[in-house]
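The values are calculated or read from the model by the stated rules, or taken from the named source; none is laboratory data. These numbers come from a predicted model, not from an experiment. Neighbour counts are summed over all protein chains in view; Cβ atoms, including those assigned to glycine, are modelled from backbone coordinates with ideal geometry. Heads up: the accessible areas ignore ligands, DNA and RNA and are worked out on the full protein's heavy atoms, side chains in. Shrake-Rupley method; radii C 1.70, N 1.55, O 1.52, S 1.80 Å.
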Amino acid sequence: MLFRNRRSSEHRRQRSPRSWRYRVAGLAAAALAVSLVQANVGNAAADRAAAEVAPQAAADVVRVAEFLAECPYTHRAPDDPIVFPGLPGASHMHSFFGNDTTNGNSDLASLEKGRTTCSPDTDLSSYWVPTLYDGDREVEPTGTTFYYLGEGVRDDVIRQIKPFPKGLRIVAGNAKATGPQDNTIARWSCLHAGHVNPSQDFVNCPAGTMLESYLDFPQCWNGKDLDSADHKSHMSYPVAGACPSTHPVPVPKLRQVLRYPVSGDPARFRLASGPGYTMHGDFFNVWPEEELAQRVRDCINAIVKCGFDGTP
């Protein structure tokens, strides 16, 4: 009996190393299985996170065909190199924005050598409007934003919009208007006072607000002329969401938004050209061709809202 018990005890001792190896192998296999499960769970979580990020990035893109330039005031002069080229002093007083060399003798070559107040500073274009007066005091806008838009035409036309040709000159509004009905393109409103209805003439803005001027330029070009005798016939506004056959080339709609630090009784205000309904604007395109083409392609054609740098 004692012998059998001793053999049994020795047999158990001989088997225990092998049993331990089995146990270790089993534990290793279990750990590997757990690791694989965790890896799969981790990969699935990463895939879900990536899937969630993609729609979020897409959602951050604002589907508005737009880029812009902020071009502060530079100087005043009784000059107009579009309407009175080569005749300094022949015009009523204008306030100029963007290219700071603009004068009565300006042309594309001279403007290309100029400097600009615009952001982005690649925009060497010149913009000007009749000077605003509060009584006898000149008032210059403190907000000067120029939006380049695709609105006003159908989406399929937006995707066909072409950059302005360098040197294109556009005039919007009517400096010789005799009443509000003669200038439906220009309108006045009040910043932070939406209850004041916009008007073609000056409006009475509450204290603490600012007088705003909106002006939309035509966005259909005849495809040939950089200017015309009346400075308007080479351009047209769209009809029924498309450009007319006489002006078949869609270009960006330039919207000029100026904010003047005045409010109150509009009887005090006048433009160098006359009443508020004579508001008009001039644009001389001096954008570098590649810069403008990139913005038209990536912002307007793509129907994406871009900032000053031409990116979303």
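If you take the residues of the range 162-184 that are in contact (Cβ under 8 Å) with a residue 24 or more places away in the chain, more than 18 Å from VAL286 (Cα to Cα) and in a loop (DSSP other than H, G, I, E, B), which of them is most open to solvent (accessible area, probe 1.4 Å)?
Filtering the range 162-184 down to residues in contact (Cβ under 8 Å) with a residue 24 or more places away in the chain leaves 162-177, 179-180, 182-183.
Right, trim to more than 18 Å from VAL286 (Cα to Cα) and you get 173-177, 179-180, 182-183.
Narrowing further to those that are in a loop (DSSP other than H, G, I, E, B): 174-177, 179, 183.
Working: ASN174: 45, ALA175: 37, LYS176: 175, ALA177: 12, GLY179: 4, ASN183: 5 Å².
So the residue we want is LYS176.
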**Prompt:** Out of all the residues in the range 109-138, which are crowded, with 17+ Cβ neighbours inside 10 Å, under 25 Å from the mean Cα position of the chain (by Cα), outside any loop (DSSP other than H, G, I, E, B) and not polar (S, T, N, Q)?
**Reply:** LEU111, TYR127, TRP128, VAL129, PRO130
**Prompt:** Does any residue of the range 254-266 turn out to be out of contact with any strand residue (DSSP E or B) (no Cβ under 6 Å at 6 or more places or on another chain), surrounded by fewer than 21 Cβ atoms within 10 Å (Cβ to Cβ) and free of Cβ contacts under 8 Å to residues at least 12 places away in the same chain?
**Reply:** no
**Item:** Every residue from the range 291-312 that is within 10 Å of the chain's Cα centre (by Cα), β-branched (Val, Ile, Thr) and closer than 15 Å to ASP155 by Cβ
**Value:** ILE300, VAL304
**Item:** Pair list, Cβ under 6 Å, 6 or more apart: the range 188-210 residue free of Cβ contacts under 8 Å to residues at least 40 places away in the same chain, other residue among the aliphatic types (A, V, I, L, M) and crowded, with 16+ Cβ neighbours inside 10 Å
**Value:** VAL196/VAL203
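Look through PHE283, PHE269, PHE308 and report the one residue that is modelled with pLDDT under 95 and surrounded by 14 or more Cβ atoms within 10 Å (Cβ to Cβ).
On the way: PHE283 fails: modelled with pLDDT under 95; PHE269 fails: modelled with pLDDT under 95.
From the options PHE283, PHE269, PHE308, the qualifying one is PHE308.
Looking at the range 139-152, which of its residues are over 20 Å from LEU191 (Cβ atoms) and surrounded by fewer than 23 Cβ atoms within 10 Å (Cβ to Cβ)?
In the first step, residues of the range 139-152 are kept if they are over 20 Å from LEU191 (Cβ atoms); the result is 148, 150-152.
Once the filter is applied, which keeps residues that are over 20 Å from LEU191 (Cβ atoms) and surrounded by fewer than 23 Cβ atoms within 10 Å (Cβ to Cβ), the range 139-152 yields GLU151, GLY152.
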**Item:** Close pairs (7 angstrom Cβ cut-off, 6 or more residues apart or separate chains): among the charged types (D, E, K, R) in the range 136-158, crowded, with 22+ Cβ neighbours inside 10 Å and part of a loop (DSSP other than H, G, I, E, B) anywhere
**Value:** GLU151/ALA65
**Prompt:** For residues in the range 90-108 being crowded, with 23+ Cβ neighbours inside 10 Å and closer than 14 Å to GLY167 by Cα, which is nearest to the chain's Cα centre (by Cα)?
**Reply:** ASN99
**Complete:** Conditions (1) on the phi < 0 side of the Ramachandran plot; (2) in a loop (DSSP other than H, G, I, E, B) -> ILE303 fails only (1)
